[in-house]
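To start, the structure under review is shown below, and the notes come after it.
The values are calculated or read from the model by the stated rules, or taken from the named source; none is laboratory data. None of the values given here were measured: they were computed from a predicted structure. All Cβ positions, even for glycine, are placed from backbone atoms using ideal geometry, and neighbour counts span all protein chains on display. Remember, those area values only see protein heavy atoms, side chains included, never the ligands or the DNA or RNA. Shrake-Rupley method; radii C 1.70, N 1.55, O 1.52, S 1.80 Å.
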Amino acid sequence: YREIWSFYNTGATAEVDSLLGVKYILSKTDLSRQKGYPLLTQVDDVGVYQNTNALPLAMLADPQITEVSMGKKDYFALHNEIWSGICGEETQVLSPANQDSIALINLEKSTDAAGNVVYRKIDTAQEACLRYEITVTQQMPLYFYFSAPSTQNVTLRINGEDRGAYFDVYRWDISCAGTYQPGDTVSIDLIPGAHTMTVRESYFYYEDLQALTAATQSIQDSYAVVNKQSSSHLTGEITAQKNGYLFYCLPYFRIHGFLHHFLRNADTHSF
């Protein structure tokens, strides 16, 4: 896990950090700008940042949380549904960004039998790229994700800057393109290393950090009181202010794995 966790936060949104209860992050990236995290201290080129919106280990979630379907292809829309399910009302911490154009540079496209779009180099001796352009409308972090049927040899480039591999076993996730001023144009290139590249869907979203803060503040009364008994033993207690499910913010679980008991208004539960 050490090797995998060294890649954490290369693409995670602030709302994912909060959902998983991640309170502190070591990063070489300026997270005060990207995610609004205050910088606590700096050691050489590594900053220690605090996520003040991190959810606790356990809390009460609205019964609406059971209606969330994990089968959505659009992960951003799925995350909005999870937050809406926790809060019990429509919550949009991520909002769609309009894609203005797609340019095929030294590429031609076709569709395979599975319905995937296949891009093939015209001149195999020259660089080719699939270029997405977005005109920024919100001064918020801009995130994106591309889906594909399998890993591929593809390089990611943003506004001409090389961002390394994409569709790679260690780098195929939601990624941040940066924060820009309204009216700025952002170009995101996918550069095939082989003669062909296959892409299914593309998604572009802004993250509304103010909406995230409002969401976490609206549910603070539902937080459980957690006590440390030892380095490997935690206990807690929660009194339900309304009907809902006890929700555990534990990483690497599917949504049904987060839920435990159904609690009714005024019930007290210990764990």
Worksheet item: In the chain, with Lys and Arg counted as +1 and Asp and Glu as -1 at Cβ, which of these residues, G47, L104, I238, has the Cα nearest the positive end of the dipole, that is, farthest along it?
Response: I238
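What number, in nm² with one decimal, is the all-direction average of the projected area of the convex hull of the alpha-carbon atoms of the stretch 60-122?
Approximately 6.4 nm², given one-decimal rounding.
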Discussion item. What does the extension gain come out to for L39 and D112, with contour length at 0.36 nm per residue minus their alpha carbon separation?
Written reply: 21.5 nm
Worksheet, complete the sentence: For the stretch 110-251 the mean separation of alpha carbon contacts under 8 Å (6+ apart) over residue count, i.e. relative contact order in percent, is 28
Practice prompt. Before rounding to the nearest 500, sum -39500 (n - 2.57) across all DSSP H runs of length at least 4 in the chain and divide by the residue total; then give [θ] at 222 nm in deg cm²/dmol.
Written response: -3500 deg cm²/dmol
Response to the item:
Accessible-area order for H79, H233, largest to smallest, probe 1.4 angstrom, reads H233, H79
Worksheet, complete the sentence: Rounded to a whole number, the Stokes-Einstein D of the chain in µm²/s (Kirkwood radius over Cα pairs; 37 °C; 0.692 mPa s) is 160
Worksheet item: Given +1 on the Cβ of Lys and Arg, -1 on the Cβ of Asp and Glu, and no further charges, what dipole in debye does the chain carry about its Cα centre, rounded to the nearest 20?
Response: 500
Practice prompt. Give me the distance in nm between label points sitting 7 Å out from Cα along the Cα-to-Cβ direction at E133 and D30, one decimal.
Written response: 2.7
Worksheet entry | Debye equation applied to the C-alpha atoms of the stretch 167-271, log10 I(q)/I(0) at 0.20, 0.21 Å⁻¹ | -1.18, -1.24
Discussion item. Between helix 75-87 and the chain, what is the angle of the helix's C-alpha long axis to the longest principal axis, kept within 0 to 90° and rounded to the nearest 10?
Written reply: 10
Worksheet item: Nearest 20 debye, what's the magnitude of the dipole of the stretch 157-271 about its Cα centre given +1 on Lys and Arg Cβ and -1 on Asp and Glu Cβ?
Response: 420
Worksheet item: What is the list of residues in the stretch 42-61 whose amide nitrogen lies under 14 Å from a point 7 angstrom out from the Cα of L250, following Cα to Cβ?
Response: 57-59
Discussion item. Rounded, prolate or oblate for the stretch 53-164? Axes are the square roots of the Cα gyration tensor eigenvalues, ordered a ≥ b ≥ c, and the cut-off for rounded is a/c under 1.5.
Written reply: prolate
